[in-house]
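S.K.: This structure is in structure tokens; I'll ask about it shortly.
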Amino acid sequence: PGARPVKTTKVKQAFKHIGERLLFLFDYGDEWHFSVELKEIKNAPKGDLKSVLLESIGDAPLQYPPCEDERENDEA
């Protein structure tokens, strides 16, 4: 309930307060979940919309690993 599309949702709509957390669902098929927390808000110069990753835990999995047919052909 209350889920919004990523492409049209602004950070200020998703978070109301510093320290607030949300669960981000990246891939509906594989259901990759990410915990996201708002640490701070800074005013940026106009047009400078760079995001900053403060922490990452573990290695990122392949988004699109080879399908079974491709793996079987590689092993032959």
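The values are calculated or read from the model by the stated rules, or taken from the named source; none is laboratory data. This is a predicted model, so every value here is computed, not measured. Neighbour counts are summed over all protein chains in view; Cβ atoms, including those assigned to glycine, are modelled from backbone coordinates with ideal geometry. Note: areas computed on protein heavy atoms with side chains; ligands, DNA, RNA excluded. Shrake-Rupley method; radii C 1.70, N 1.55, O 1.52, S 1.80 Å.
S.K.: For the chain, what does the helix formula give at 222 nm: sum of -39500 (n - 2.57) over DSSP H segments with n ≥ 4, over the residue count, nearest 500 deg cm²/dmol?
M.R.: Computed mean residue ellipticity for the chain: -3500 deg cm²/dmol.
S.K.: Quick check: at a probe of 1.4 Å, how many percent of the accessible area of the chain sits on carbon and sulfur atoms?
M.R.: Carbon and sulfur atoms account for 54 percent of the accessible area of the chain.
S.K.: Can you match Cα extents along the principal axes in Å to one of these, [x] 38, 25, 18; [y] 56, 31, 24; [z] 43, 21, 19, based on a calculation from the structure here?
M.R.: [y]
S.K.: Whenever you get a sec, line up ASP48, ASP27 from highest to lowest accessible area (probe 1.4 Å, protein heavy atoms). Could you put the intermediate results ahead of the total?
M.R.: Working: ASP48 55, ASP27 25 Å².
The ranking, largest first, comes out as ASP48, ASP27.
S.K.: Now for a different question. Kindly report the accessible area of the chain per residue (heavy atoms of protein chains, probe 1.4 Å, no ligands, DNA or RNA), in Å².
M.R.: 102 Å²
S.K.: What stretch of the chain, leaving out the sites themselves, is the longest with no trypsin sites (Lys or Arg not before Pro) in a DSSP loop having at most 14 other Cβ atoms within 10 Å?
M.R.: No qualifying site falls inside 51-76, the longest such stretch.
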